[in-house]
Structure formats: structure tokens, C-alpha cells
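Novice: One structure is given below, represented as C-alpha cells, and several questions about it will come after.
The values are calculated or read from the model by the stated rules, or taken from the named source; none is laboratory data. Since we're looking at a predicted model, the values are computed, not measured. Glycine gets a Cβ as well: all are built from the backbone with ideal geometry, and neighbour counts include every protein chain shown. Surface areas here come from the heavy atoms of the whole protein model, side chains and all, with no ligands, DNA or RNA. Shrake-Rupley method; radii C 1.70, N 1.55, O 1.52, S 1.80 Å.
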Amino acid sequence: MKVYIAAHAYCEVPHPYPYQPLFVGAYKLPKNERKPDWEFDDGFLGNISENNSTYCELTGLKWIWKKTQEDIVGLVHYRRFLASPLSPSNQPYPLSEQEIRNILEGHDCIVAQKAFLHDGSKNCSVAKHYRIHHSSTDLIKAKMVIGRYYPEYSDAFDKVMRNEFLSPFNIIICNRQLFNAYAQWLFGVEHRLAQAIDPLADRPPYQQRVFGFLAERLLNVYIVKHNLSAFACKVFNPMDPTRCTPGMSTPLQYEAITNPTGLEHLSKVRDGIDYSPVFDYSFYFNNYRDIAAAFSENPSLALDHFLINGAREGRVAHPNFSITSYVNGNPHLWLKYDNPIAIVRHYLDDEGDRRHAIGYENLLCSPGTTIERNASPASRIKRLRLERWTNEAESKPVLDGGL
């Protein structure tokens, strides 16, 4: 048995047996940072160590799959261990070998405790949570890949997307047979995703980690599809064991916001312009507690707030429109207009120019599709393939849980 600890640099993390540190992204690790008791890294012929910035801990997961032989294997993180269920909540310690073996006698795998997701005001679906924090187009492409190449997983994918929780961090401990089967499927999906998503095109470094982010959701899809019995453990930082990872120790629950009555009858017209495609009273109140508090006595003023302040603040007032997404996905609009309301009105007036209206909140701008004149034939084919995937994904509705 070995449980490998994914780490991108040496640190004083405790690692009693069966835990073993594993450098990830080791292709760029200086030799002088290696320590005698940190002997393993994710570098080997055919691995993806050099893609650690986009695949995250998956480079280590693939190394475990391809280069180890233990009967039970797993992956945790240098700041995220699975806590023993017998350890005190204020002083957690990691699962022991015997505890792991005992748990796996009655369960298929061990994963991180479910994280209950929220949009800032209330619990939300996995799909919506992903859209808020990443790119919905990437998630649509994941659904397309599943439907096209792994259709038997489509129902499980949709179910996970509708859930309001997931087991995060790509953490799993299980027997060798299950680990190999899961890894083979996961990297098959990730290989297809790499044909559809350019992780480096106009993205900040955080959003370049797209393949790792998607894999967190795909682990849950695999568990649901195969009806695996998953034992969930609290996650804690071994370098600060007095604290469990925020949000992982107990479900995040939010009190429902009480909406003013009669919202559906309030006018969405101002100065002869119908703002209903970009503004919904219930949505605005449900997503922002300060709005609900400020305008509960006079809810009709919420639309005025959106037009005067909300749009400038990047607030989302409709499930299918975000000013931030629209600008990120259509950067030429900032060159044409000098204020957010002018961009909103452009969206209302030009139904043919509504791409990226939601789901691009967290990208710098839309992936470029310009093919350089002197590009190699292989580069041109790759760019055309990415463009086809993107165009098809963006023609589909955003995944916010309504699957």
C-alpha cells in the first residue's frame, strides 16, 4: 500500500507510512530541492509532467497509474490529507494503513468529504458553481466529449451537474484494479478534452488549470456511473492540523432570501427599453443579499440600481446574461463603447451579436481563432479543430443545472 502526497516543492510535511511524497511538475524542479526521503517524481517517458500547470495533480495520478504496483494506492495533497474518523476534530491525524484496509473491506474507495456548493447567496448546482468560477464553455465541451465518446456516462454526468455537492480535490484511495480502471477512463476523457480546449489561450494562470478542475467533477461522474460505495473523510492541512479545510467539515447551508411579493408583475421597461433579456427581479434578489435588504420595501428600484450601479459593478441580474462575460467574450465592445450600459443596450439591440453572454466571467477574453499565415499545417489543423469545438459549444445553452 502507498498513498502518494502530491507536492510541487519540498516542504516539511509529515509522511509516516503508508504516505510517500511525490513531486508533481518535477520536470522543472531543481536538483538541489530534492531530499533523500522525497525520492519520487512524476517525470517519466510518456508522462505529462510538463503539463502540470494545466493538469495539476493529475500528472501525479498518471505516474501512480503507470509506474507503481501496490495493491492499494491513493493520492492526497501536501496541504490536504484525509483525516482518520477516529481522530479528534480539533486535532485530526491522517488515516492509518489499517484504517484504510478496514474501510476498503466495506467500501470501494475513500474520497474527500462532500463540499456543498454555493453561489454566494444560496446553494447551487455543480454546473452553476463551475460556470461562476471557471468557463461554462469548457464544461459544455466536457459534456460534448462524454456524449460523443463515452455516451454510457451521459446520465451520470448530468446527475452530477445537477447535484449541489461534490467530493473535491481529485483525492481518492482504492484498490489497484479500481484505480487503474478509473485512471484509464479519466485520461481517455482528458485526452479528448485536450483536443477541444486550449488551456493557454488568453487565460490567467489560475484558469489554465482547466483539466485539473474538470477532473474533480469527472471523479464524481465515475463514482455515480459505477455506483461506487465511497467512504468520505474530512480534509485537513497536516501543517496546520488544528483546522479542517474551510467548507469541507460541514455542509455549507444558506438561509433562503425572502423575496418581496409581486415581482413578476413589476415593469422591466425604462425609457422605452425592455430590459427583460438582461434583468430578472427574482434572480437579482436571490443572488445578492444586499439588494434584497436595500429594496425589499420598494423592489421596483432594483432595476434602476442595476442600470446605475449593478452593471458597472459586474453584477449578474439574469441567468443568461453577465456583463463581465459578455465583455470578456467580445473584447471589441470596449473599443466601441465607453460604458457598460451602452454595451447592455448593444446586446439588446443586436440579437446576432450575443455570443459569450454567460460563462466567460473568468477568462481574460475569448479564445483566439486567428490562424497565423505562416503556421505549420499541424498548427492550422489544431486551431481549426479547436474553433469547431468552440463554435459548437457556444451554440448550446449554458449548463446551470437545467439538464
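Novice: Considering only residues of segment 325-349 that are of a type in the set (Ser, Thr, Tyr) and not in a loop (DSSP other than H, G, I, E, B), which is nearest to His134 (Cα to Cα)?
Specialist: Checked segment 325-349; the qualifying residue nearest to His134 (Cα to Cα) is Ser325.
Novice: Is it the case that segment 141-150 has a residue that's open to solvent by less than 50 Å² (accessible area, probe 1.4 Å), touching a helix residue (DSSP H, G or I) at 6+ places or on another chain (Cβ under 7 Å), in a loop (DSSP other than H, G, I, E, B) and aromatic (Phe, Trp, Tyr)?
Specialist: Yes, segment 141-150 contains a residue that is open to solvent by less than 50 Å² (accessible area, probe 1.4 Å), touching a helix residue (DSSP H, G or I) at 6+ places or on another chain (Cβ under 7 Å), in a loop (DSSP other than H, G, I, E, B) and aromatic (Phe, Trp, Tyr).
Novice: What's the number of the only condition in (1) open to solvent by 20 Å² or more (accessible area, probe 1.4 Å); (2) under 26 Å from Ile103 (Cβ atoms) that Thr68 fails to meet?
Specialist: If we test Thr68 against (1) open to solvent by 20 Å² or more (accessible area, probe 1.4 Å); (2) under 26 Å from Ile103 (Cβ atoms), just (1) comes out false.
Novice: Return the residue satisfying two criteria in turn: it lies in segment 21-65 and is acidic (Asp, Glu) and assigned to a helix (DSSP H, G or I), and of such residues it is surrounded by the fewest Cβ atoms within 10 Å (Cβ to Cβ).
Specialist: Residue satisfying both the conditions and the ranking: Glu33.
Novice: Same structure again: Being among the aliphatic types (A, V, I, L, M) and either closer than 18 Å to His77 by Cβ or surrounded by fewer than 18 Cβ atoms within 10 Å (Cβ to Cβ) (or both) is true for just one of Ala196, Ala215. Which residue is that?
Specialist: Of the residues listed, the single one that is among the aliphatic types (A, V, I, L, M) and either closer than 18 Å to His77 by Cβ or surrounded by fewer than 18 Cβ atoms within 10 Å (Cβ to Cβ) (or both) is Ala215.
A quick yes/no check of all residues on (1) in contact (Cβ under 8 Å) with a residue 24 or more places away in the chain; (2) in contact with a Lys or Arg (Cβ under 8 Å, 6 or more places away or on another chain); (3) part of a strand (DSSP E or B):
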position	(1), (2), (3)
Tyr284	yes, yes, no
Ala292	yes, no, no
Pro299	yes, no, no
Ala302	no, no, no
Arg315	yes, no, no
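Novice: To continue, here is another question. Return the pairs, sorted by first residue and then second, in which the second residue is of a type in the set (A, V, I, L, M), the first residue lies in segment 114-137 and is without any contact (Cβ under 8 Å) to a residue 24 or more places away in the chain, the beta carbons are less than 8 Å apart, and the residues are 6+ apart or on different chains.
Specialist: Sorted first by the residue in segment 114-137, then by its partner, the pairs are His129/Leu117.
Novice: Let me ask something else. Just checking, does segment 130-140 include any residue being part of a loop (DSSP other than H, G, I, E, B) and either under 27 Å from Asn237 (Cβ atoms) or of a type in the set (Val, Ile, Thr) (or both)?
Specialist: Yes - at least one qualifying residue is present in segment 130-140.
Novice: Examine segment 82-95 for a residue that is open to solvent by 60 Å² or more (accessible area, probe 1.4 Å), at pLDDT 95 or above and more than 21 Å from Cys11 (Cβ to Cβ), and state whether such a residue exists.
Specialist: Yes, segment 82-95 has at least one match.
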